[in-house]
Structures are given as C-alpha cells and as structure tokens.
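Beneath this line is the structure, given in structure tokens, with notes to follow.
Every number here is computed from the coordinates shown, using simple stated rules; none is lab data. Given the structure is predicted, the values throughout are model-derived calculations rather than measurements. Ideal geometry is used to build each Cβ from the backbone, glycine not excepted, and the neighbour counts take in all protein chains shown.
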C-alpha cells in the first residue's frame, strides 16, 4: 500500500495539497480522476520525487525506482522514434526496441522523427519510452491524451501485462472503466470526492 | 525557359560588371596607379603573384594560423561557457574577463601580445582571442535556452551527465553554436590578417600586404586585398555548408 500522510504543498498563494492523506494500492492499475487543475499532476510529481512537498510523508514508494510519464510528451526533436526507446534502455536490453515499438503500435516508424508523428503517435511513443524505462511503479500523467479509445484500451492491457503497479490520471471514461481502482478527486486543494 | 535563364545570368553578371566599371572610371579620373590602380592593373598583378610559389605558401600559412586561432578560440570559448553556466563562482570570476576581452580593440591586443609571444604565433593567438568571446556568448545564450522540461525528463529518466550532454545539451546548442562560429570565423580571418600586417611573420598574406605597401606597389596591395576577400567568402561558404551538412546528419 502507498500511504500518503498530511501532504502539504503550495505554489505561491495557491494551496494545491492541504494535509492530504490517502492510501493508494501498490498493485494493478489505479486511476486518479478529477477536473483539470485540481492537483492530480502535483500529487504524481510528489510521488515521483520531482516536486518536494512542504510537509507530510509518503511511504511505499521509492522515487528513484519510479517511471514518470510527463503530461507533455517531452520528446527530443533530433532523436528518432527507435532512438527514444534506446535512450532509456541499458545496453543489455537494446534488443527490446522492436517489442516496445509494438507496445506503442509504432512498428515501421522506428526511423521517423517526432515532427513526423501525429499527436497520438507522439503520446504513445512517450508512454512506450516511460514503460521501457520501467521501475517498481509507473506514474502516468494523462497517458492516453489524444489516443483513440480502442487503442488506449489495448495499450492499457499491455501495461497491465508488464506486471508493475500503475497509477495514472485520466479523464477518459473508457480508460477509467478498465482500471482496477478509481479515485475521484476534486480541488484545489486536492481531496477525495 | 531560356528567357528566365538569361534573366538569372544577367542578375548575377550585372552587379560585378557595374562595380568594375565604376572602379575603372574612378581609376581613370584619378589617373595615378599609385593612388588607385584600375582593375586591369590589379588583375595583372594578381596573375603575376599567382605564378609564384611564395603566393600559395603565404596564403596557406595564413589559413593555417587563422584556423589554429579559430580552433583554440572555439574550444576555449565553449569550455568557458559551460564553466560559467554551471558554476556561479566561475561566472563571477570569468564572465567580466571575457567581456573585457570582447571590448578590447584588436590593435591593443596585437601590440600587447607582441610583447609576450613569438612573432609567428601572434596571428593565431589574436584570432583565437577574437573568437573566444563570440563563441562564449553564443554557447552561453544556447545553454540558457536549453528546454528545462527536457532537462527534467533527463533527470527523471536517470540519464547520466554524459548522456544528458550528448542527447540534450549539444543538439540544443547547435543553432547558437553554428551562428556563433560563422561570426567568429569572419573575425578570426580579419584579426589574424591584421596581426600579420602589424607583426609580420615570414610567410603570410599580411606580411605580403605590408611589403607591397612599403614598396608602394599599389596594384599588388589591391591584389592581396582581393585574395583576402575571396578566401574569406569562399571559406565562409565552405564552413556554412559543412555546418549545414552536420545539422542534417
């Protein structure tokens, strides 16, 4: 179980997390759902160790062993699709590139540059890169934004097959329906509905 | 089709013909080759020069000196830019010094360096000193413009420092570096030749320029100046092509 206790974080005058306490499952696929700007991304960033909280504690997560998918794709314009996967793989796992391209349904696009990809393709590549990096916990911020529902469903099942716990944020009903647990949130400050 | 080609040829040919005509007319009105030789006299002097081995050797040695200066100035400028970007102390200590180098007139540097360095090395030292602040400025601006989101991604995805340098910093810097290097090349070329004129080494375009001036060989002076301009334009074009090819690769 991932235990969040009394987490507090402010951006200037805006309190995003106000003594938030929450228990999240550490297996299966967990979704955090809520309106834009309610603080879901901030919570994921705190879990990944990318944004330090002002006070409170998180247990059950090692930030150094998480894989975080940013809300933006953050692809490198000068690297090809295949190179994006290679960049996060250790040398011994370089042979996995075709299977990660298949994971993202980007077979045949290995030599393409991000500028040649559609928004959905770029998102799938960003997700595949994050999943290829791997870790004890995958933290995915809007992983299927711009991806059609059918494909998102297929990719979600592939994520499940990776056998690593996943916490994701999403607004898409089709995605939420396939998750093992859904936390409905509101804010700011972030709170369970 | 043919009319279009003819138009293009005219567009290319008319400007030089026009300016050669202006030059010839001015030389005709001045009437003294010592003050202003005409294009034909200069072309003749150039042909005579090009027939000597000394001409080619002088040009080659000047090229070597300028490129040596460009190389060390570029390496030092880029290294200093990284140092001042990542270390506040280095920035506090070195940034004012680099700005002083940028603001110092090239002639002051030539005369100062003349006191400290053997004559043959002065042009390369001066060219490098002129290149250094330009490259430092462009690389510093490039480093400041690197996308912080990509750097955060590199940290989150556990990229090593070397990988972050190779995959994010260097490609992000390419545009700034390319424009800086092209500007720096022009400066290196002009300052290198100026140093050769003031502190003439044994074989150099600048030395020949100075010798022509002292011997009142004005057509030769013009011929060497033409050589300097032609080499500068040619090499800048070559460098631009090389850099463009590098960007495409």
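Points to keep in mind about this one:
- Evaluated at q = 0.12, 0.13 Å⁻¹: base-10 log I(q)/I(0), Debye formula over Cα of the range B:124-236: -0.58, -0.63
- Efficiency of FRET between residue B:162 and residue B:234 - r from beta-carbon atoms, R0 41 angstrom, step 0.05: 0.65
- Taken over the range A:85-193, the percentage of Cα pairs per 10 Å bin, counting from 0 up to the bin with the maximum distance, is 13, 45, 31, 10, 2.
- Relative pair counts by distance (%), Cα atoms of the range B:68-167, 5 Å bins: 2, 13, 17, 19, 16, 12, 8, 5, 4, 2, 1
- Based on alpha carbons, the Rg and Dmax found for the protein assembly as shown are 31.8, 97 Å.
- Each principal axis of chain A carries a Cα extent, and these read 48, 33, 32 Å when sorted largest first.
- Note on residue B:215 and residue B:92: with the Förster distance fixed at 41 Å, the Cβ-Cβ geometry gives a FRET efficiency of about 0.20.
- Across all C-alpha atoms in the range A:5-67, the radius of gyration and Dmax reach 11.7, 36 Å.
- Antiparallel content of DSSP bridges confined to the protein assembly as shown, in %, to 5: 45 percent
- Overall Cα dimensions of the range A:131-175 - principal axes, largest extent first, Å: 26, 17, 15
- Sorting A:157-165, B:46-54 by average packing, meaning the other beta carbons within 10 Å per residue, from highest down gives A:157-165, B:46-54.
- For the pair residue B:114 and residue B:20 in one chain, pulling the backbone fully straight at 0.36 nm per residue adds 30.0 nm over the alpha carbon distance.
- Placing one equal scatterer on every Cα of chain B and applying the Debye formula, the log10 ratio I(q)/I(0) at q = 0.14, 0.18 Å⁻¹ is -1.02, -1.30.
- Segment residue B:64-residue B:1, length gained on full extension (0.36 nm per residue, minus Cα span): 18.2 nm
- Counting Cβ atoms of other protein chains within 10 Å of each residue's Cβ and taking the mean over peptide B:148-155 gives 4.
- Neighbouring partner chain Cβ atoms per residue of A:76-83, average, 10 Å criterion: 3
- Estimated inter-spin distance, residue B:71 and residue A:8, nm [label 7 Å along Cα→Cβ]: 6.2 nm
- Rg and Dmax of the range B:1-126, both derived from C-alpha coordinates alone, stand at 23.3, 65 Å.
- For the range B:168-241, averaging the sequence separation of C-alpha pairs within contact (under 8 Å, six or more residues apart) and dividing by the residue count gives a relative contact order of 25 percent.
- Nearest 10 degrees, 0 to 90: helix B:39-50 Cα axis against chain B principal axis: 70 degrees
- FRET efficiency, 1/(1 + (r/R0)^6) with R0 35 Å, evaluated for residue B:54 and residue B:247 via beta carbons: 0.35
- Taking Cα atoms only, the orientation of helix B:2-30 departs from the longest principal axis of chain B by about 60 degrees.
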